[in-house]
Structure formats: structure tokens, C-alpha cells
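S.K.: Just dropping this structure here.
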């Protein structure tokens, strides 16, 4: 079993629609990150959240860290084809030495 | 600006063969790690290092060895390849583990037949 479970695993939506991706765990994380990965490339960092309840906005993307620091969500408003990719959450343990990735959400935005 | 460089990009091995995946970074990062990526499972941590001379196991270390003789290099060795090790392998580095940005290489696609 993986420490971080993401849902949904696959998401296919029309351009202009909104969506939310969830990242859940039974463990507490000292920080939570979201990465985006395109085919044939390594993941690239989108955002880091470190405080329970924290909300960060990056243009049309809104990231939230749960109050208990066990879960996070990524909301995309008015999705565009350029948002297509694999979205991964990642959490650091309290020691910061082990960095666990979620199971991933593959997003396809259809023009 | 090279960042994290992995070689090779593609590799086919026969069961039982050994090989080393190379990873080098030029950002003077202390923390380096190896992940494998399989469909539906995200990235799983194999081994990591918090500095030269220090390595530790991640979630799925069996069948793999690492060493960290310099800050720049963190090779991953497959001792006796098995079909279950068919995967895409990513090396990453960051300034430190906690909350800092991880920079990834482009990956090595390994097939064991």
C-alpha cells in the first residue's frame, strides 16, 4: 500500500470545465508538494504547502493543505489543453529525509 | 545549466544481468534519491542519500544498491536484473529533503526480458 493515495486515477474533461484532484493519507506530513509530469520527462514542481489549512493559488490552480496535514487538493478552474499531464502529490516525513509520492492523476483536457 | 543528468535513457537487460544507472547533478545539492515509476503507482522511493558517504533505504530497496562517494554522483546498481524491475527510473536531487524543490532527471526506461 502506498502512503499517499490520489483520486481520481484518470480524468478526461472538456476545455473550460473545472476539476479537483485529491491526495489523501493516514500519515501526517511536514510539507506537501504538487508536481506535474509530461510524457518522457521528469516531474516538475508546481507548489509547496507547509502549514495546515494553507491555500495557495497559482493562476487557475488552487492548492489546499488539510488542517491535519494528512491530505491536500488541487483545483483547476477553466481547464485548458495545456493542463494535460500527470499530477503527483508528494509528502515529506517529519525528518524530511524520505519523500513519498502519490499514485498520480492522469488528466486529459479535450479541446 | 545541466541540472540532473541520467544515463542511459533506454536499456534492455536479460534476466540475471547487472548494470548501473548513472545520475549526476551540478547544483551542489546534498539530497539525492532514486525512484521507480510504474503505471498506477506514482513514484516509489528506492534509495536516498542526505550527503556524500550517507545512504539509506526507501520503500522498495530490494534488488538495488547505491553509493554516494561524491556530492555530484549517485549511481543505482541492479545486482541481478529481474522482469519485475522493468520500469522507468528517475533520479532526483534537492537542496535538502524537507519541503524543498526536487529536480528530476529525464528518466531511464529499463526493460528486463
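S.K.: Only one of these is under 24 Å from residue A:103 (Cβ atoms), crowded, with 17+ Cβ neighbours inside 10 Å and in contact (Cβ under 8 Å) with a residue 24 or more places away in the chain: B:44, B:36, B:68. Name it.
M.R.: From the options B:44, B:36, B:68, the qualifying one is B:36.
S.K.: Might you check whether a residue that is more than 14 Å from the chain's Cα centre (by Cα), touching a residue at least 24 places away in the same chain (Cβ under 8 Å) and more than 28 Å from residue B:107 (Cα to Cα) occurs anywhere in the stretch A:32-51?
M.R.: no
S.K.: If you don't mind, another one. Look at residue B:39 and say whether it is out of contact with any helix residue (DSSP H, G or I) (no Cβ under 7 Å at 6 or more places or on another chain), at pLDDT 95 or above and part of a loop (DSSP other than H, G, I, E, B).
M.R.: no
S.K.: For the stretch A:1-45, which strands (runs of 3 or more DSSP E) that fit wholly inside it have 2 or more residues that are more than 11 Å from chain B (Cβ to nearest Cβ) and within 24 Å of residue A:67 (Cα to Cα)?
M.R.: It comes to A:19-24, A:31-37.
S.K.: Can you pull out every residue in the stretch A:53-69 that is loosely packed, with under 14 Cβ neighbours inside 10 Å and touching a strand residue (DSSP E or B) at 6+ places or on another chain (Cβ under 7 Å)?
M.R.: The answer is A:53, A:55, A:58, A:60.
S.K.: What is the residue count in the stretch B:47-65 for residues that are touching a residue at least 12 places away in the same chain (Cβ under 8 Å), touching a strand residue (DSSP E or B) at 6+ places or on another chain (Cβ under 9 Å) and either over 19 Å from residue B:4 (Cα atoms) or surrounded by fewer than 16 Cβ atoms within 10 Å (Cβ to Cβ) (or both)?
M.R.: 8
The values are calculated or read from the model by the stated rules, or taken from the named source; none is laboratory data. Quick caveat, the model's predicted, so the values are computed rather than measured. All Cβ positions, glycine included, derive from the backbone under ideal geometry; neighbour counts span all protein chains shown.
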